[in-house]
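Have a look at the structure below, then the notes.
The values are calculated or read from the model by the stated rules, or taken from the named source; none is laboratory data. Please read all numbers here as calculations on a predicted model, not as lab measurements. With ideal geometry, Cβ positions are generated from the backbone for all residues, glycine too; neighbour counts draw on all protein chains shown. Surface areas here come from the heavy atoms of the whole protein model, side chains and all, with no ligands, DNA or RNA. Shrake-Rupley method; radii C 1.70, N 1.55, O 1.52, S 1.80 Å.
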Amino acid sequence: MLSPALDEAGPGKTVAVVGDGAVGLLAALAALAARQLGAERIIAKSRHEARQRLAVEYAATDIVAERGAEGVARIKELTDGLDAHSVVEAVGTQESTTQAIHATRPGGHVGYVGVAHGVELPGREPFYSHVHLHGGPAPVRRFLPELIDLIRRIDPGKVFDLTLPLDQAADGCRAMDERRATKVLLRV
């Protein structure tokens, strides 16, 4: 699993992933493992067609293109007003973090795997949301055997949608920043 929030996935549960970059798409891949644990619904937030297709191929049952309050409202609508049991925040911005918290039902879990930049949580936000917040680097060794088995059944390399020679690494970074590429594979 990519996020402690996914530890709570199980039969009948709903998992949402905020972010459709490489980390978010790989979180959708980890959500595939949640599906194997019985998760009923996996919601991917994405506004990009190619990334939506990949999220669905990995495990997403629903796509939410809306952002902000509209995106939170759409998740609430999809879950009959209850919100998701677990939400993976894979962007690291104030907006995505707020959306993740607001899209999680009371008692649910938010796992933030997007490296936070400029994110501030006023004390009342987590206090009144009644959600569990978990974050930090993924404990890879804990999940490695399970992920090795999973990797044999899917192709996580599909997040690489642009290949460039090593000397064009800066162009690759620009392409990802401008959202012309999800992840760049550099040839040596």
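Points worth noting:
- Qualifying residue in segment 125-147 (condition: farther than 25 Å from Val87 by Cβ and either among the basic types (Lys, Arg) or open to solvent by less than 50 Å² (accessible area, probe 1.4 Å) (or both)): no
- Restricting Val115, Val119 to residues that are open to solvent by 60 Å² or more (accessible area, probe 1.4 Å), out of contact with any Phe, Trp or Tyr (no Cβ under 8 Å at 6 or more places or on another chain), more than 14 Å from Ala16 (Cα to Cα) and among the aliphatic types (A, V, I, L, M) narrows the list to Val115.
- The one condition in (1) open to solvent by 80 Å² or more (accessible area, probe 1.4 Å); (2) closer than 23 Å to Glu66 by Cα; (3) without any contact (Cβ under 8 Å) to a residue 60 or more places away in the chain that Arg179 fails to fulfil: (3)
- Segment 156-175, subset within 17 Å of the chain's Cα centre (by Cα) and surrounded by 12 or more Cβ atoms within 10 Å (Cβ to Cβ), residue modelled with the lowest pLDDT: Pro156
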